[in-house]
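In what follows, a single structure is set out as structure tokens and then discussed.
The values are calculated or read from the model by the stated rules, or taken from the named source; none is laboratory data. Predicted model, so just to flag it, every value in this text is computed and none were measured. Virtual Cβ from ideal backbone geometry, glycine too; neighbours counted across all protein chains shown.
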Amino acid sequence: MYENVEMRQVFSNELGKIMERDERVVCIDADLARAQGTLGLRQQFPDRAFDVGVAEQNMASVAAGLAAYGFIPFIGSFTPFATRRICDQVAISITYAKRNVKIVGLDPGISAELNGGTHMSMEDIGVMRSIPGMVIFEPVDCMQLVKAMPEIVRYDGPIYIRLFRKAVPAIFHEDYQFDLFKADLIKAGTDVSIFASGIMVSQAVSACEILRGKGINAELINIHTIKPIDRKAVIESARKTGAVVTCENHNIIGGLNSAVCEILAEDFPVHVKAVGVKDHFGEVAKIDYLLAKYKMTPGDIVDAAVECINRKTRGQSGFCSSSEPSSNH
Amino acid sequence: MKENEIAFLVDKSKHIRRLTIDSIGKLGVGHVGGCLSIVEALVVLYYKEMNINPQKPDMAGRDRFVMSKGHAGPALYAVLADKGYFEACLLDTLNRPETTLPSHCDMIRTKGIDMTAGSLGQGFSCAVGMAKGSKIKGDNSRIYTVVGDGESQEGQIWEAAMFAAQQKLNNLIGFTDYNKFQLDGGISEIVGLEPLDMKWKAFGWDVIVVQDGHDVKEIAEAIGKARQSEAKPTMIILNTIKGKGVSFAEAAGVTNHNMPVTEEQRIQALKELA
């Protein structure tokens, strides 16, 4: 249904529909409305869609002031400027003050492509995840985003929306039932659990196909809400498979891998392999090039899964009875 | 302004100073200087100018106040207690564990506080957001906010200033508590603000300089003038004295930003303000 449709177009369409029926909703940009696709909203809602200029700090606190006045503002910028640049405004004006502001970060991780390293946030989830009370949502496709938008508005509190802005392969269909706080089982399996978010979900779907050819039955779960993470889904899947791979378009420190490991270390320790950005900055290149360079392709996910399964079958818990040092990290 | 109204506001200012220094003194330490320098502005706002109802702290269409220099919370708490937003005895819990009156203003914890502040520069932007919100709603309310002179070194203040002018937020009235000191020294020695009035003008604001920021009549007249603005926000620059009205605090000068207060000093201050 949404093949070849850009996520930003879907986002601004849905936001427009919501603004039409809910006068509390406001759209604030910091000179990136053209990038976000929200420029058109200004004609439709001249009072409630406006620009603060290149001033992200002000945008965040103005939004908090509007929220204190009863509005529900959506603010947006590229991910690094919607998170690390305005970390204190997000922490104090918005989250500490419990203001209902929705923060949209565009072009997460390597998807900043030709804007390069300065615009590639490898740490935005880490920054936002460590702020108490922040919800972090990363839609995987247009259908999920459409289903999520009303829930995001309905939820009374700050949410960080990590938004890939171009077209993505469809994962979900019309009958998809969305729950902001529940992970999606995309494929059930028994041998290894793959937890994936954002653009890495489609990479993981391909990896599952390759694994099936090798006789490996992988379980694929989409973690669309990284905080608060669906703890039950993570533990139940890990208990079933005994081996876990995380796939994220983010530094493996501070993001999905960290979130999954925090749960498993406490409640059900198993081997975990991380596929993602291995603690370095980004650079100018297209996504496919960077996926290959940073070892984030389906083949890399397969390798990680096979290694995890091998350790499991060799009986190396790695936590209490390992005879050789773990090479996990 | 009638003489009896002036006398009332002058007396009230003395009372608010008393409550403020008493609560900080009982704790033994606090932001004495910046609390005492802003008392008259708070008194004129809360006892004369603002459309508020302490019995209905969340009343729609009320005027709002944002203490962007959030460390002056204790002076504002004294005003709110005196106005009846909460019991005056709560002032004795200032900055103690589980208090509803933390050192910096917190809208979640304290009845009557319109916005959380403490990380400097942010409250001012929040006030701008509220003024924009009032314009969207068309509820004709006014938003008042106080920024510190040291706080005016924050870049965010000037981001917000440009945006407020662009949006023609004439319902926004700001005050600069220009007491000439910040934590590390004199403002002019650290990073000077002069010419401060010209800066605000250049950023598209109407500016009124109040020569004596402790003169309630002069403050009230400035607010009256600011209310007439048709298309611009107004910044009222208050020339104030840090620690005003308490001799040991005034004498402490630059060290009165966050200072210890002994029991003897607390009692002496209450006598001075009797």
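Looking at the stretch A:275-315, which of its residues are assigned to a loop (DSSP other than H, G, I, E, B), of a type in the set (Ser, Thr, Tyr) and out of contact with any strand residue (DSSP E or B) (no Cβ under 7 Å at 6 or more places or on another chain)?
Of the stretch A:275-315, the ones assigned to a loop (DSSP other than H, G, I, E, B) are A:278-286, A:294-297, A:314-315.
With of a type in the set (Ser, Thr, Tyr) added as a condition, the list becomes A:294, A:297.
Listed by number, the list holds a single entry, A:THR297.
So, restricting to helices (runs of 4 or more DSSP H) that lie completely within the stretch B:200-274, which ones have at least 1 residues that are closer than 29 Å to B:LEU172 by Cβ? If you could, list the steps in order and put the result at the bottom.
Numbers: elements: B:216-226, B:247-252, B:263-272.
Once the helices (runs of 4 or more DSSP H) in the stretch B:200-274 are filtered for at least 1 residues that are closer than 29 Å to B:LEU172 by Cβ, what remains is B:216-226.
Search the stretch B:125-141 for residues that are within 7 Å of another protein chain (Cβ to nearest Cβ) and closer than 8 Å to A:GLY65 by Cβ and pair each with any residue that is hydroxyl-bearing (Ser, Thr, Tyr) and assigned to a helix (DSSP H, G or I) when their beta-carbon atoms are under 6 Å apart and the residues are at least 6 apart or on different chains.
Qualifying pairs under 6 Å: B:SER125/A:SER61; B:CYS126/A:SER61; B:CYS126/A:SER93.
Could you check how many residues of the stretch B:1-33 are in a helix (DSSP H, G or I), over 17 Å from B:GLU272 (Cβ atoms) and aliphatic (A, V, I, L, M)?
Qualifying residue count, the stretch B:1-33: 4.
Of the conditions (1) at pLDDT 95 or above; (2) within 24 Å of B:SER141 (Cα to Cα); (3) among the aliphatic types (A, V, I, L, M), B:LEU91 clears all except one; give me its number.
That leaves (2) as the condition not met.
Just to be sure I understand the filter: pairs with C-beta atoms under 6 Å, separated by 6 or more residues or on different chains, first member in the stretch B:48-61 and in contact (Cβ under 8 Å) with a residue 60 or more places away in the chain, second member assigned to a loop (DSSP other than H, G, I, E, B) and surrounded by fewer than 16 Cβ atoms within 10 Å (Cβ to Cβ). Which pairs pass?
B:GLY61/B:ASP139
So which residues in the stretch A:211-230 are surrounded by 16 or more Cβ atoms within 10 Å (Cβ to Cβ) and either more than 12 Å from the chain's Cα centre (by Cα) or over 16 Å from A:THR246 (Cβ atoms) (or both), if there are any at all?
As a first pass, look at the stretch A:211-230 and keep what is surrounded by 16 or more Cβ atoms within 10 Å (Cβ to Cβ): A:211, A:216, A:218-227, A:229-230.
A:LEU211, A:ILE216, A:ALA218, A:GLU219, A:LEU220, A:ILE221, A:ASP230 - these are the residues of the stretch A:211-230 that are surrounded by 16 or more Cβ atoms within 10 Å (Cβ to Cβ) and either more than 12 Å from the chain's Cα centre (by Cα) or over 16 Å from A:THR246 (Cβ atoms) (or both).
Looking only at the stretch B:67-82, decide whether some residue is outside any loop (DSSP other than H, G, I, E, B) and more than 28 Å from B:ILE157 (Cβ to Cβ).
Just the residues of the stretch B:67-82 that are outside any loop (DSSP other than H, G, I, E, B), to begin with: B:67, B:70-82.
Restricting the remaining residues to those that are more than 28 Å from B:ILE157 (Cβ to Cβ) gives B:81-82.
Yes, the stretch B:67-82 contains a residue that is outside any loop (DSSP other than H, G, I, E, B) and more than 28 Å from B:ILE157 (Cβ to Cβ).
Suppose we filter the stretch B:260-274 for residues that are touching a strand residue (DSSP E or B) at 6+ places or on another chain (Cβ under 7 Å) and either buried (at least 17 other Cβ atoms within 10 Å of the Cβ) or hydrophobic (A, V, I, L, M, F, W, C) (or both); how many remain? So that I can check it myself, show each step before the final result.
At the first step, the residues of the stretch B:260-274 found to be touching a strand residue (DSSP E or B) at 6+ places or on another chain (Cβ under 7 Å) are B:260-261.
The next check asks that each one be either buried (at least 17 other Cβ atoms within 10 Å of the Cβ) or hydrophobic (A, V, I, L, M, F, W, C) (or both); those that pass are B:261.
The qualifying residues number 1.
Looking at A:GLU266, A:GLU209, which one is over 19 Å from A:ALA305 (Cα atoms) and either outside the structural domain of A:PHE137 (by TED's automatic domain parsing) or among the basic types (Lys, Arg) (or both)? Reasoning before the result, please.
On the way: A:GLU209 fails: over 19 Å from A:ALA305 (Cα atoms).
Result of the check over A:GLU266, A:GLU209: A:GLU266.
Looking only at residues that are out of contact with any Asp or Glu (no Cβ under 8 Å at 6 or more places or on another chain) and assigned to a strand (DSSP E or B) in the stretch A:1-45, which one is nearest to A:VAL153 (Cα to Cα)?
A:VAL25
Find the helices (runs of 4 or more DSSP H) located wholly in the stretch A:46-155 whose residues include 2 or more that are without any contact (Cβ under 8 Å) to a residue 40 or more places away in the chain, crowded, with 20+ Cβ neighbours inside 10 Å and not assigned by TED's automatic domain parsing to the domain that holds A:SER202, and list them.
A:56-68
Can you name every residue in the stretch B:102-119 that is surrounded by fewer than 24 Cβ atoms within 10 Å (Cβ to Cβ) and more than 7 Å from every other protein chain (Cβ to nearest Cβ)?
B:PRO102, B:SER103, B:HIS104, B:ASP106, B:ARG109, B:THR110, B:LYS111, B:GLY112
So that you can scan it fast, the table gives a plain yes or no per residue for (1) touching an Asp or Glu at 6+ places or on another chain (Cβ under 9 Å); (2) basic (Lys, Arg); (3) within 14 Å of another protein chain (Cβ to nearest Cβ):
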| site | (1), (2), (3) |
| --- | --- |
| B:VAL29 | no, no, no |
| B:GLY34 | yes, no, no |
| B:ILE38 | yes, no, no |
| B:TYR46 | yes, no, no |
| B:ASN53 | no, no, no |
| B:ASP58 | no, no, yes |
| B:GLY70 | yes, no, yes |
| B:TYR77 | no, no, no |
| B:LEU80 | no, no, no |
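So B:MET198 clears everything in (1) crowded, with 21+ Cβ neighbours inside 10 Å; (2) under 30 Å from B:GLY133 (Cα atoms) except one condition, right? Which one?
So the condition that B:MET198 fails would be (1).
Here is a check on your reading of the model: is A:ILE161 within 14 Å of another protein chain (Cβ to nearest Cβ), among the β-branched types (Val, Ile, Thr) and either surrounded by 22 or more Cβ atoms within 10 Å (Cβ to Cβ) or over 15 Å from the mean Cα position of the chain (by Cα) (or both)? Give the steps one after another, and end with the answer.
On the way: within 14 Å of another protein chain (Cβ to nearest Cβ): no; among the β-branched types (Val, Ile, Thr): yes; either surrounded by 22 or more Cβ atoms within 10 Å (Cβ to Cβ) or over 15 Å from the mean Cα position of the chain (by Cα) (or both): yes.
When the stated conditions are applied, A:ILE161 does not pass them.
Condition check ((1) within 13 Å of chain B (Cβ to nearest Cβ); (2) of a type in the set (Ser, Thr, Tyr)) across all residues:
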| site | (1), (2) |
| --- | --- |
| A:GLN57 | yes, no |
| A:PHE74 | no, no |
| A:PRO80 | no, no |
| A:ILE94 | yes, no |
| A:GLY126 | no, no |
| A:SER130 | no, yes |
| A:ILE136 | no, no |
| A:ASP141 | no, no |
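For the stretch B:83-92, check the following and say yes or no: at least one residue is in a helix (DSSP H, G or I), facing chain A (nearest Cβ under 10 Å) and touching a Phe, Trp or Tyr at 6+ places or on another chain (Cβ under 7 Å). Give the steps one after another, and end with the answer.
In the first step, residues of the stretch B:83-92 are kept if they are in a helix (DSSP H, G or I); the result is B:83, B:88-92.
Checking the rest, the ones that are also facing chain A (nearest Cβ under 10 Å) come to none.
Scanning the stretch B:83-92 turns up no residue that is in a helix (DSSP H, G or I), facing chain A (nearest Cβ under 10 Å) and touching a Phe, Trp or Tyr at 6+ places or on another chain (Cβ under 7 Å).
Looking only at residues in the stretch B:142-175 that are in contact with a strand residue (DSSP E or B) (Cβ under 7 Å, 6 or more places away or on another chain) and part of a helix (DSSP H, G or I), which one is farthest from the other protein chains (Cβ to nearest Cβ)?
Within the stretch B:142-175, the subset in contact with a strand residue (DSSP E or B) (Cβ under 7 Å, 6 or more places away or on another chain) is B:142-150, B:152, B:157, B:164, B:171-175.
When the remaining residues are screened for being part of a helix (DSSP H, G or I), the result is B:152, B:157, B:164.
Working: B:SER152: 15, B:ILE157: 9, B:ALA164: 9 Å.
Ranking the candidates gives B:SER152 first.
Within the stretch A:20-37, restricting attention to residues that are touching a Leu at 6+ places or on another chain (Cβ under 7 Å) and buried (at least 22 other Cβ atoms within 10 Å of the Cβ), which residue is nearest to the other protein chains (Cβ to nearest Cβ)?
A:VAL26
Quick check on the stretch A:38-55: of everything there that is more than 13 Å from chain B (Cβ to nearest Cβ) and not aliphatic (A, V, I, L, M), which residue is nearest to A:VAL146 (Cα to Cα)?
First, pick out the residues of the stretch A:38-55 that are more than 13 Å from chain B (Cβ to nearest Cβ): A:38-44.
Those left that are additionally not aliphatic (A, V, I, L, M): A:38, A:40, A:42-44.
On the way: A:THR38: 16, A:GLY40: 18, A:ARG42: 21, A:GLN43: 22, A:GLN44: 20 Å.
Only one residue fits best here, namely A:THR38.
Note down all Cβ pairs under 6 Å where the first residue falls in the stretch B:17-29 and is hydrophobic (A, V, I, L, M, F, W, C), the second is surrounded by 21 or more Cβ atoms within 10 Å (Cβ to Cβ) and assigned to a loop (DSSP other than H, G, I, E, B), and they're at least six residues apart or on different chains.
Once the first residue is hydrophobic (A, V, I, L, M, F, W, C) and sits in the stretch B:17-29, its partners that are surrounded by 21 or more Cβ atoms within 10 Å (Cβ to Cβ) and assigned to a loop (DSSP other than H, G, I, E, B) give B:ILE21/B:VAL246; B:ILE24/B:VAL261; B:LEU27/B:LEU94.
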